[in-house]
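Each value in this text was obtained by applying a stated rule to the coordinates, not by laboratory testing. All values reported here derive from a predicted model rather than from experimental measurement. Here the Cβ is made from the backbone with ideal geometry for all residues, glycine too, and neighbour counts use every protein chain on show.
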Amino acid sequence: MTLYLDINHKSLNKQGEELCGDHVEIVTAQGKTVLVLSDGLGSGVKANILATLTSKIATTMLKNGASLRDTVETILNTLPKCQVRQLAYSTFTIVIIDDCQHAYIAECDNPALFFYRHGRNVPLQRKEIKLSEKKILESHIQLQEGDMLSVVSDGAVHAGVGAMLNLGWAWEDINEYLKNLHVVNKTASQLNGNFLGVCNNLYNGTPGDDTTILTIKATRPKEVDLFTGPPEDVRLDKKFTEKMTENNGRKKVICGGTTAIIASRELKREIEVDNDTIQRDIPPIAYIEGFDLVTEGVLTLGKVLDRIRYYNMDAYGYENTSYQYNGVDLLTKVLMEECTHVYLHIGKAVNPAHQNPDFPMTYNIKFKILESLIAELEKCGKQVTRIYY
């Protein structure tokens, strides 16, 4: 079975710095995914340059088949030297995962990678090698469903130094906390948000170092079909509803009153509106046999977009997520926690009610919301496929 890699990274900047001294780069090419977390010497602009160069050089070279030795040598020969310390220095952790779910890991001076399987930490068999006077620790993992890997920068182990914790947050204590988070949190984004929330609290809200976490969860693919908007041509209604009833094992979601009416008419199934789910600014949900969720269209999608955009913008906005029984929360939960792949079935008919009178007819509010929502979902690592009718 091909596993889905739920990948997410989040960072806290050192207090007073606009740029983060850590950088994460992720590329997928030629049947492999290359991930690099790099931590530049110091903080601010100089650290950001060092970390960004390191991670971009590493991903570019490794995805094209360069050896680790050549990659490390290129990094060392390229990094600009710090004028104060006369060093060109950046730590890094490299993870390369191929299509057979084999993971190769190379660590250089970052805190040791955390690996969890069946709810417990599994120590890695690391082999030490020397490349250009740098000590590199290599290890290999054959990923299984449910496995999780997390990499943190040293800002995490420094959290609380001189404040809440005299010696900082020890690796062993972080390990225990992440192990528990792995069991509770369904997504990498949610886990990372919770983790950085704790780091920020240990720093008393004023981080003394750049802090980053990169998490990879190996999960079974979970797919959802989301149908919104009537087809451009009414003759496509039948084809549209045939897709709704395909027995493909996916969750089925309808967003839009007209779409629900088409489904009800073509499939000869009743619509039951749940008036108890009406809120001041959220329309009610409905029930149709065979569908996991039926919501209103533009208003609900717009609020879901705002919610997911907030999660993506805020380093630990997901920390205290709770869901109520309404269309916005239920759809957000489906998209954020209950799927890895979204098949977006979009009817191209233009609803005059969705037009801004200050814009031409081609500028449709619904389509703009959908394009923005797709972009935010892809930032979360979701794979989105568009199908138009």
Over 23 Å between C-alpha atoms is what I'm after, so list which of LYS186/LYS251; LYS14/LYS333; LYS268/LYS303 land there.
LYS14/LYS333; LYS268/LYS303
For the chain, what relative contact order do you get, as a whole percent, if you take Cα pairs closer than 8 Å and at least 6 residues apart?
16 percent
Round to the nearest 10 and give me the degree value, 0 to 90, for the angle of helix 44-63's Cα axis relative to the longest principal axis of the chain.
80 degrees
Beyond 30 Å, what share of the Cα-Cα pairs of region 4-219 is found? Please give it as a whole percent.
19 percent
Crossing angle, helix 68-78 versus the chain [Cα axis fit, 0-90 degrees, rounded to tens]:
80 degrees
In percent, how large is the relative contact order of region 235-304, given Cα pairs closer than 8 Å and 6 or more residues apart?
32 percent
If I model a spin label as a point 7 Å beyond the Cα along the Cα-Cβ vector, how far apart are those points for GLU337 and LYS134 in nm?
4.0 nm
Sorted largest first, the Cα spans of region 208-307 on the principal axes come out in Å as 61, 36, 26
D for the chain, whole µm²/s, Stokes-Einstein with Kirkwood Rh over alpha-carbon pairs at 4 °C and 1.567 mPa s: what number?
56 µm²/s
Taking θ as phi - 60°, what are the ³J(HN,Hα) couplings along region 287-303 by the Karplus curve (6.51, -1.76, 1.60), each to the nearest whole Hz, with x for Gly and Pro?
10, 9, 3, x, 10, 7, 7, 10, 10, 5, x, 4, 4, 5, 4, x, 6
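Rg over Rh of region 223-388, using C-alpha atoms and the Kirkwood radius, what does it come to?
Radius of gyration relative to Kirkwood radius: 0.95.
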For region 4-219, what's the relative contact order in percent, using C-alpha pairs closer than 8 Å and at least 6 residues apart?
27 percent
GNM top mover of SER67, SER38, SER150 - the chain, alpha-carbon springs below 10 Å
SER67
Residue-wise HN-Hα coupling along region 89-104, computed from phi with Karplus coefficients 6.51, -1.76, 1.60 (Hz; x: Gly, Pro):
9, 8, 7, 7, 10, 10, 10, 10, 10, 9, 5, 8, 6, 8, 10, 9
Among THR78, THR54, THR332, which one shows the highest mean-square fluctuation when the chain is modelled as a Gaussian network with alpha-carbon springs under 10 Å?
THR78
Would you mind telling me which residue in GLY31, GLY208, GLY256 has the biggest mean-square fluctuation in a Gaussian network model of the chain, where springs connect alpha carbons within a distance under 10 angstrom?
GLY31
Between TYR287 and ASP306, what is the label-point separation in nm under the 7 Å Cα-to-beta-carbon projection?
2.9 nm
